[in-house]
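Asker: Dumping the structure here so I can ask a few things about it.
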Amino acid sequence: MKIDILTLFPEMFAGVFEESIIKRAREEGKVDIELHNFRDYSKDPHKKVDDTPYGGGSGMVLCCQPIFDCVNHLKTEDSTVILLTPSGKTYQEQDAKRLSRKKHLILICGHYEGFDERIRYLCDEEISIGDYVLTGGEIPSMVLVDSITRLLPGVIKEESYQQDSFYEGLLDYPTYTKPREYAGYQVPEVLLSGDHAKIKKWREEMALKKTKEMRPDLKGD
Ligand code: ADE
C-alpha cells in the first residue's frame, strides 16, 4: 500500500513512523509512506498557504491552490483522498479494515482555523477520529496509518488482530502472564487447566461480559 500525507509539519511524524511495527512494515516494503509539505506547492512568492476568511472572522484559512496542486500531482485512478477534519465521519475499526484493502491513500491534514470549503471537492471521504478538536490533522493521520498498517497482510499475525477489541464488534477477552499470583491477585484457574475447549468458552464469555459492562453500545448480545 502507498500512503501519501499532506502536512505543513512533516517532522511531527518521525517518531511514530520510525519505530516498532510501522518501521518494520516500511522496511519490509508492506507500506510505503511519503510525507509532502504542501507549502512546497504554493505559488505565492512568500510560500504562503493561508489567508484571512471572506466575510471576516478570526484566524487564517488554508487556501485551495497548494493543496489542489499537491493532490493533483499525486493522484492516480487508484487513489482514495481523505480529509482529516473534526466534522468528518467518526473513524471505527471497520473503516481501518475497509481502507486497508485500498491501493493508495492520500491523507490531507488541515491546520489552523480551518480550510477553504472547496478543498472538500478533492476528497472521497472526510474522517474525524472523535468528537474533540485537535490542533491539526497530523495526529489523526498517524491514527489512520497505524490502525491500517497493522491490518496489512504479513504485518502482524492474522490471529493476533482477529482476537483484538472491536474486530468482531466485541471487546477483547482478559489476558494474563506469569506470575500466577501478583500482589494478592490470582490468574483465573481455568487458564491454568490446559483444557482448551473450556478456555475458549471462558474467553468468549468474558469478551461478552466485558463488552456489556464497558461498552453496552456495542452489540455484545
Ligand atoms: N483535526 C482536528 N481535530 C480533528 C479530529 N478530531 N479528527 C480529525 N481531524 C481533526
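The values are calculated or read from the model by the stated rules, or taken from the named source; none is laboratory data. Predicted, not measured: the structure shown is a model, and the values here were computed from it. Quick reminder, even Gly has a Cβ in these numbers, built from the backbone with ideal geometry, and neighbours come from all protein chains shown. Just the protein is used for accessible areas: all its heavy atoms, side chains included, with ligands, DNA and RNA removed. Shrake-Rupley method; radii C 1.70, N 1.55, O 1.52, S 1.80 Å.
Asker: Which residue out of Q186, Q162 is among the polar types (S, T, N, Q), open to solvent by 100 Å² or more (accessible area, probe 1.4 Å) and without any contact (Cβ under 8 Å) to a residue 24 or more places away in the chain? First the steps, then the outcome.
Answerer: Numbers: Q162 fails: open to solvent by 100 Å² or more (accessible area, probe 1.4 Å).
Answer to the check: Q186.
Asker: While we're looking at this one, here's another question. Is it true that D131 is acidic (D, E), within 16 Å of the ligand (Cβ to nearest atom), part of a helix (DSSP H, G or I) and open to solvent by 30 Å² or more (accessible area, probe 1.4 Å)? Reasoning before the result, please.
Answerer: Working: acidic (D, E): yes; within 16 Å of the ligand (Cβ to nearest atom): yes; part of a helix (DSSP H, G or I): no; open to solvent by 30 Å² or more (accessible area, probe 1.4 Å): yes.
Considered against the rule, which asks whether it is acidic (D, E), within 16 Å of the ligand (Cβ to nearest atom), part of a helix (DSSP H, G or I) and open to solvent by 30 Å² or more (accessible area, probe 1.4 Å), D131 comes out as no.
Asker: Shifting gears a bit: Could you say which residue among E159, E168, E126 is of a type in the set (D, E) and at pLDDT 95 or above?
Answerer: E126
Asker: Continuing with this model, one more query. Would you point out the residue of region 189-220, among those that are touching a Leu at 6+ places or on another chain (Cβ under 8 Å) and not aliphatic (A, V, I, L, M), that is most open to solvent (accessible area, probe 1.4 Å)? Reasoning before the result, please.
Answerer: If we filter region 189-220 for residues that are touching a Leu at 6+ places or on another chain (Cβ under 8 Å), which is where we start, we get 199, 202, 207-208, 210-211, 214-215, 218-220.
Pick out the ones that are also not aliphatic (A, V, I, L, M) and you get 202, 210-211, 215, 219-220.
Values: W202: 42, K210: 74, T211: 1, R215: 83, K219: 136, G220: 2 Å².
The qualifying residue most open to solvent (accessible area, probe 1.4 Å) is K219.
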